[in-house]
Structure formats: structure tokens, C-alpha cells
Amino acid sequence: MEVQSIESKKAEQTRQVEQAKKMSPAEETASQPQGPIKMSGKDVSVFYGEKQALFDVNLEILENSVTSLIGPSGCGKSTFLRCLNRMNDVIDICRVSGLITLEGEDIYNPELDVVELRARVGMVFQKPNPFPKSIYDNIAYGPRIHGLTTDRAELDELVESSLKKAGLWEEVKDRLTESGTGLSGGQQQRLCIARAIATRPDVILMDEPCSALDPIATATIEELIDDLRKNYTIVIVTHSMQQAARVSQRTAFFHLGKIIEEGETSQIFTNPRNKKTQDYITGRYG
Amino acid sequence: MQLLTDFTSAILGLILSPLGVVLLLAIVAYLVSMRKATGFYAEHGREVHSLPFYNAAYVTLAVFIPPVLFLIAFSLIAPMIFEMLVKNAYQSHLLTLSDFQKSNFINNVFALSSGNITSKSSALITEASQYLASLKEVGSYIKWGGTIALAVIFGCLAYRSVGPRLRARNRVEIIVKTFLIICSIIAVLTTIGIVLSLVFESLRFFQKVPLSEFLFGMHWSPQTSIRPGQVSAEGSFGAIPLIAGTLLITFIAMLVAGPIGLMSAIYLSDYASPKFRSTAKPVLEILAGIPTVVYGFFAALTIAPLIRGWGESLGLSVASESALAAGLVMGIMIIPLVSSLSDDVINAVPQSMRDGSYGLGATKSETIKQVVLPAALPGIVSAMLLATSRAIGETMIVVMAAGLAANLTINPLEAVTTVTVQIVTLLVGDQEFDSAKTLAAFALGLLLFIITLTLNVIALRVVQKYREQYD
Ligand SMILES: Nc1ncnc2c1ncn2[C@@H]1O[C@H](COP(=O)(O)OP(=O)(O)OP(=O)(O)O)[C@@H](O)[C@H]1O
Ligand SMILES: [Mg+2]
């Protein structure tokens, strides 16, 4: 029953994208109000030791929209994503130059507290990485660290609502005290998404969140992303063209550490300006 | 120069011995069979079952192994046979002697025949030794003959069997496997032997002193009779004060090594720059390489007087050999053990787990406290247990710094003694071998063994459980 509904929703989404593809870029822009700029990167270059992974990347991320980063493997999508919440700081040899802003503020400003930044810009990783704690404690981790709730009841509520948003509540409500590592891969990934939401970030970065998931779990997460867009700004890395087309409003195509083309998703997928982009999205790339 | 000639004569001696001849034969066998094998390999190519090397190795091993086994067996059995023959020949004389004189006679005969000067040499001994020398000559013919015959027979058989269809590779594999099995059996058997001898000697001890007295007795003073028949001075063998002393010192040591080792492991794995890490780790390993006797006199000569001085300035009475001094130094000694074991388990926590925490805006110390340490906890617990069993078994430091007084106390400023120290003192000096005092050392050893074995088994179990979680 549930499977059916998810599949029909998926089909509907595909239809919507199909429709969107038919629309011309101009119509699309007119029909969809653009939010203000939430984050932006100007001339972002990243070096791993001597090796340069990103070359002067410029990208604007609009509020309450989903931006997808696509491109061949090794082109620097994850690297760019990790710049946006300074996760690259964790890597010793990594050096970042250029200007990255969150609501106009430079996030690499030494004055700025990186912990606070990461609380505002949450991240979901490619591989699910639940903590070896109970499901409840996994979700409550962020809120506890940042003191988001004052009493147990409030925390309970936050955990429940986060799990509901991630579409996991029904499956785990009876076993919140069991370990998060005991869930299936897809459930773990949704747990990680719920964990990110529970910290109440403004921006959520997702690095190939569906790469380990079956079509049904993928559909659930895509639905979730679409839902989350109302309240959050989302950046997602994906290898699936269909997924990018289905969930995102804007798309950036990376190639060898540079952004070749970026813009409205519908425009990129129906009417790419660059030959390389066209080759890639039509599957003719190498 | 002298060294050089010694060296050459040693080499010559080896070559002229049966073993050297077998080695030479083995080399010849290798070269010859290699030629044959390369020959038919060139002819038949892929149809040949084994590469030339395996054929040659098979023949070489066939030349080498049987004579070597024969030589080992010969050198074990021959002296026994010689002794038997000598005893038979001089039976009438030996019958008049006591047991002690008998063995003395045989020893003298053997010593004289191998050219050593003996203390008491008589005409009979000289005669017997000549007889022995003639036996040895016959023996040496058998040794040489047997060795060379075996090498040649097995070598020829193997050489003839070498051919395209010979499964030489599989046979070599079996020989290698057998060799490895023998090595591991030797290791296991020695361990079992040691444990069994501990158990049997302890059983002898428990015939003299009841187990309950040993385990629950509150008093340890293993004085034994100076002259036989002095019943009163049997001493008492209650191990409780020793166990208490051991635990007290171990506790102090773990109090030092546990936190410092763990914290330094955390610093090294999560905070230190790669550069600092690459210098600090080797330094810690040096600390682990310091001989314990050095720690021992450091404890006895530096730390103990220091603590005594401090204690006195605070108006406390401190024994010049205190549990505190020994425990502190032992703690320093096992810091590297704790830190390197904990470092391993902390590094085994996947980076993705840390990333997950950082990605939620956790600081480094929050991440470590709430994610890394809980995930590594089983491994850390087992590291602590291993370190504890190391501390319990440590001997040198406590011998030098903890003292000999078997006080039953928990005051770290007093002198205590440990199980290991008592084993040492029981066995130092001339001892009557089956007095309760000497046998007590075996019982203490067994006790120690059981304690550390239990700790190690628990530690291994915990680690196994931890592994299951991540694979
Ligand atoms: N920790 C690192 N150390 C050194 N080089 C790195 C590191 N991480 C990434 N790189 C290099 O940076 C480049 C970009 O890597 P990145 O992970 O951003 O690619 P990606 O686009 O996410 O690829 P994929 O789609 O396969 O995930 C690659 O050439 C990679 O070798
Ligand atoms: Mg990637």
C-alpha cells in the first residue's frame, strides 16, 4: 500500500519534471519566485597539499531552494560542498581560498565560530554514519550540544518531529532506545537526515544521500527534500540526473574542478548552453 | 686476526661434520635436479605440473630432511646407549657403589673420554673411558654412514620421481605446512609444559600447606626450619597480604597510567599536528623500551627518598620503601602501553563518525567525549585490563622499591610486598628443593598466572565484541 503510494508520487514528480522541461527558461523563472541569496562562493579555490581540486568556483545558493551539484567523479563536488560548512578544516593538508559567505558574512573569517557555522549549515554524508548510540540519542545529539531544548518533554517532541520529517518515525517509534547502528542502510541514512534536521540548521548539505539506497527509500528521501525546501536551503550532490531534475530548482555542473555551467535546473536539462554539459546530462560523457 | 682464524676453523668444522656434508649434498641435489627439471620444462612447457623450482626444491628437501632427522635422533639416543653399554660392561664394579657414587663414576668416565680433566681419576675410570672412546668411534661410523646413506637413497628416489607429471609443488607445500605445524606445536607444548609443572609443584605445596590457609591466611612469614626436625619454625603461608600488596601497588600504578596514558592517546590521535605526533610516538616507544631495572633504581633511589622527604615535611611518617613510590614508577612504566593500545583503538573509530559529529556543530572535545570515547570504550577497557595484568606481573620495580615486609595495609605510605617479590625472595640463595618455602613459589606463580590469565581473557573477549560492532 505504502509502496504503491510512494511509487505513484514518484511518477507524479517525474511528470512534473517532464512538464518543467517542456517549459521555456523564461516561463520557469517567472513562475517560480526566487529567494534571496543564502550562501555564495566567489573565486573559491581548494588545494589538497600541492594538488588543486577547485579552480575559482563561483556559485550562488538561493534561500528555500534545492541546488544540485552534478558532474563526473572526482570533479570536486564533495570538496565544494565541504567548503560550505568548513568541514575541510578537518583535513590537515586542505587549503581554501576565495570568499564564501552565509547571509553576506564571510564564513572563513577568523572571528567566526566554526562550531556555530556548522550548527547553521548541517551536513548529511554520502555514507550513513550514525553514532553507536540509541536512536533517540542520535537525534538528540545536536539539540543537547547546542542547548536547543530546556526540558525532556521538549526534547522528546523535537526528536519525534525530526524523525517524522525524515519519514522514519513509524518504523522506529517503538525502539527508540535501540542502537542506531542496528538500522538498515536506508534507515540509517534517514536517521542521519533527521539528526541534521534536529539541530535546526538554515542550510542542509547532502553528499549523495541516496547512493546506497533502493528506489523506494530514494523516493522517500526525495519527497523529504522537497518538503524540507519550505523551511530550509538545501544543497545536494548527486550522480543521478533524474534525481537532480526531480528535486532541484538550480543545478551546477562541475568538471575538472571548475563550474562549467549553472542555472535553473529546467534550463540546464532542456537547453544547456555548454556542449560538455549537454554531453554529460545525455550520458555521452566518457 | 685471532677472530678470523677462529671463524674459519669453525666453518671448516661445520663443513667436515655430517651436517655440513648434508648441506653440500643438498646444494648439489638442487643444481642437478634443477637442470633436469629445466630440461623437461623446456620440452613440455605448460603440460608440466610444477615449475622447475618446485621440482628442485622437492629433491633438495628429500636430500636434506631425512639425514637431519636422523642426526637429531642420533644425538639424542646415542649417549643413552653408550651409558647403558658402559654400565653393562662395569656392572660388577658398579654394584658395589652407592647411587651417588654410581652417577659420579659415569660422569667421570664421560668427562675423561671427551678430554676433560677429572678430579678423581682411577685406573678403572681410565679403562672405562677408553672403552667409551671405542664405542664413540663406532658411533661416529654409524652417524656418518647413516647420514650419507639416507641422503643418497632419498635423493636418488626423489630425483628419479622428478618428471612432468610429478606434483612437486603440492609436495613441497605439504612439507612447508608440516614444518610450520611443528614450530607452532613446539610453542604450544612448551607453554603447556610450563603450566603443568606449575600445577604439579603447586599440588605438592598444597600437600604441605592446605589450600584454604594459602588463599585466606592473613599472615605471610615463610621461615622454614634451619635444621631438619625443627617443627616449630615451619612459618605461615597466608597469601592475602601479598595479594593486597600487589593490588595496592597495581591500583596506584593504574591511577597514574590510566588517565595519563588515555589522555595522551587522545591528544596524539585527535589534537596533535602530524609533526608532533611523528616525534612524540617514537619518544613514547623509547619510554616503553627502558629496562625495568632502570625504573627500579629510579624508584628506589630517586622517587622513594623524594616522597619520604615530602611526607616528613607534611608531618607524615613514610617508610623508606613505600607502596607509593613503587606504584608511581610502575605507573610511569606502563603509560606507553596504555597510550599506544588506546591510540590504536581510538584511531580505529572511523573518521566518518567524527565527521558526523563535527557536521552537527560539535566541538572537538564534545566529539571525543560523546562519540569517539563511547565508540572506543570496549577497546579502552581491554587496554586497561592488559596494562593491569602487566602491572600485576611486574617484578623488578617492586623488588627494588616496594620492600619485603608483608604488611596487610592499604596505606600507600607503608612498605608492602607483592606476589612477585616474594617469589624472588623465596628462590634466591641456596634452597632445599622440596621444602614448603620453595614450593610456595610455585603456588604463588600459579596464583599470579591465574589472575593475569583471567584479566587477559576478559580483555580479549571485550575486544572481540568490539570488533563485531564495526565489521
Ligand atoms: N582528503 C583528500 N586528500 C587529497 N586529495 C583529495 C582529498 N579529497 C579529495 N581529494 C581530491 O580532490 C579532487 C576532488 O575530489 P572530490 O571528493 O571533491 O570529488 P567528487 O566530485 O566529490 O567525486 P565523487 O563524485 O567521486 O564523490 C579529487 O581529485 C580527489 O583526488
Ligand atoms: Mg564525492
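The values are calculated or read from the model by the stated rules, or taken from the named source; none is laboratory data. These numbers were taken from a predicted model, which means no experiment stands behind them. Glycine also receives a Cβ, built like all others from the backbone with ideal geometry; neighbour counts cover every protein chain displayed. For accessibility, only protein heavy atoms count, side chains too; no ligands or nucleic acids. Shrake-Rupley method; radii C 1.70, N 1.55, O 1.52, S 1.80 Å.
Worth a mention:
- Share of carbon and sulfur in the accessible heavy-atom surface of chain B [1.4 Å probe, %]: 70 percent
- Sorted on the mean count of surrounding Cβ atoms within 10 Å across their residues, most packed first, peptides A:244-254, A:208-218 read A:244-254, A:208-218.
- Under the simplified labelling scheme, the B:S9-B:M80 pair shows an inter-label distance of 3.4 nm, with each label point 7 Å from Cα along Cα→Cβ.
- Sequentially through the range B:332-346, phi angles give Karplus couplings (6.51, -1.76, 1.60; θ = phi - 60°) of 4, 5, 8, 3, x, 4, 4, 6, 6, 5, 5, 4, 4, 5, 5 Hz, Gly and Pro residues having no value and appearing as x.
- Positive-pole candidate from A:N231, A:I204, A:L54, dipole of the range A:28-281, charges at beta carbon: A:L54
- Estimated [θ] at 222 nm from DSSP helical runs (n ≥ 4, -39500 (n - 2.57)) normalised by residues in chain A, nearest 500: -12500 deg cm²/dmol
- Remark: chain B is approximated by an ellipsoid whose semi-axes, taken from the C-alpha gyration tensor as √(5λ), come to 54, 42, 20 Å, largest first.
- Whole-Hz couplings from phi, Karplus 6.51/-1.76/1.60, listed for the range A:91-102; x for Gly and Pro: 8, 4, 8, 8, 10, 10, 10, x, 10, 10, 10, 10
- Over chain B: helical MRE at 222 nm, DSSP H runs n ≥ 4 each giving -39500 (n - 2.57), nearest 500: -25500 deg cm²/dmol
- Over the range A:28-281, the ratio between the Cα radius of gyration and 2.2 N^0.38 Å evaluates to 1.00.
- Rounded to 10°, Cα long-axis angle of helix B:304-313 versus longest principal axis of chain B: 10 degrees
- Rounded to whole Hz, the Karplus (6.51, -1.76, 1.60) HN-Hα couplings of the range B:170-185, x for glycine and proline: 5, 5, 4, 4, 5, 4, 4, 4, 4, 4, 5, 4, 4, 4, 5, 5
- Euclidean distance of C-alpha centroids, the range A:113-141 and the range A:77-93, integer Å: 16 Å
- Counting only DSSP beta bridges with both residues in the protein assembly as shown, the antiparallel share comes to about 60 percent.
- Average partner coverage of A:83-93, which counts Cβ from other chains inside 10 Å: 2
- Peptide-level mean, for B:365-375, of C-beta atoms on other protein chains within 10 Å: 2
- Packing-based order for A:62-70, B:421-429, using average beta carbon neighbours within 10 Å, highest first: A:62-70, B:421-429
- Taking each residue as 0.36 nm, the span from B:S161 to B:T454 lengthens on full extension beyond its C-alpha to C-alpha distance by 100.1 nm.
- √(5λ) per eigenvalue of the Cα gyration tensor, the range B:220-470, largest first, Å: 41, 21, 14
- Chain B: relative contact order as a whole-number percent, Cα under 8 Å and 6+ apart: 16 percent
- Restricting attention to chain B, lysine pairs at least eight places apart or on different chains and with alpha-carbon atoms under 28 angstrom apart total 16.
- Pairwise FRET efficiency - B:F100 versus B:I240, Cβ, R0 = 35 Å, nearest 0.05: 0.25
- Set of lysines near A:K258 by C-alpha distance (under 23 Å), chain-local residues within fewer than 8 positions excluded: A:K38, A:K42, A:K51, A:K77, A:K275, A:K276
- Annotation for B:H93 and B:R461: the two label points, set 7 Å from Cα along the Cα-Cβ direction, are 6.4 nm apart.
- Within the straight-line cut-off of under 20 Å between alpha carbons, the lysines reachable from A:K164 are A:K9, A:K10, A:K133, A:K173, A:K230, sequence neighbours fewer than 8 places apart in one chain being disregarded.
- Rel. contact order, % - alpha carbon contacts under 8 angstrom, at least six apart, chain A: 27 percent
- Computed over the protein assembly as shown, Kirkwood Rh from alpha-carbon pairs, angstrom: 34.4 Å
- Rounded to 10°, Cα long-axis angle of helix B:18-44 versus longest principal axis of chain B: 80 degrees
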